[in-house]
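Working notes, structure below.
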Amino acid sequence: MNRILPGLTALLALAACATAATEPAARGLDRYADDPRLGEESNRICFASNIDGFSLNERSTVVLSEGRDDYMVEVTGSCFDLDNAEAIALDSPTGCLTPGDAIIVASTMGGGGIGPQRCLIREIRKWDPKAEKVEGEAKVETPA
């Protein structure tokens, strides 16, 4: 009996670990798949001269603002400084960003002082910060 108890305890511990395993967390645009703020895919963002601002920056996504329009941009792989970005610039041969172009991310944190990082754009989607979910349905709130 003394020999069975430690073996049974180890077996139960392994079973608990196996059932506790979860799927990896969604990344990039997949994190926003059910979010009504995430709109249709866009082939380009055209800027008059520069981006007006950025927000919701995470490891592989950022919302770029241009005038009244907002766009969620997903970069390929990981852009290690994107979540700590202090400045973002455009790296595009035209005044428009398209998938395959890049954003330049500058941060004094996280990257170990390696300087600005060039992050290639994988996908661009419209972003509506005023969209809300109401009782399981997507609803876009309009200003009064």
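If I ask for residues that are buried (at least 17 other Cβ atoms within 10 Å of the Cβ) and either part of a strand (DSSP E or B) or at pLDDT below 90 (or both), which ones from the stretch 48-64 would you list?
51, 54, 59, 61, 62, 63, 64 - these are the residues of the stretch 48-64 that are buried (at least 17 other Cβ atoms within 10 Å of the Cβ) and either part of a strand (DSSP E or B) or at pLDDT below 90 (or both).
Looking only at residues that are in contact (Cβ under 8 Å) with a residue 24 or more places away in the chain and assigned to a strand (DSSP E or B) in the stretch 65-77, which one is farthest from residue 36 (Cα to Cα)?
75
Name the pairs whose Cβ atoms lie under 7 Å apart, with the first residue in the stretch 78-105 and under 13 Å from residue 119 (Cα atoms), the second part of a helix (DSSP H, G or I), and 6 or more positions between them or separate chains?
If the second residue must be part of a helix (DSSP H, G or I), the pairs left are 105/82.
Quick check on my filter: what residues within the stretch 91-114 are at pLDDT 85 or above and surrounded by 18 or more Cβ atoms within 10 Å (Cβ to Cβ)?
Correct list: 97, 101, 102, 103, 105.
Kindly check whether there is at least one residue in the stretch 115-122 that is surrounded by 14 or more Cβ atoms within 10 Å (Cβ to Cβ), at pLDDT 90 or above and charged (D, E, K, R).
Yes, the stretch 115-122 has at least one match.
State which residue pairs qualify: first residue within 19 Å of residue 80 (Cβ to Cβ) and touching a residue at least 40 places away in the same chain (Cβ under 8 Å) and inside the stretch 27-38, second residue outside any loop (DSSP other than H, G, I, E, B) and of a type outside the set (A, V, I, L, M) in any location, beta carbons under 7 Å apart, and separation of 6 or more residues or different chains.
Listed pairs, sorted by first residue: 28/61; 28/74; 29/61; 29/74; 29/123; 29/125.
The values are calculated or read from the model by the stated rules, or taken from the named source; none is laboratory data. For clarity, every value in this text was computed on a predicted model and none was experimentally measured. So basically every Cβ, Gly included, is an ideal-geometry build from the backbone, and we count neighbours across all protein chains shown.
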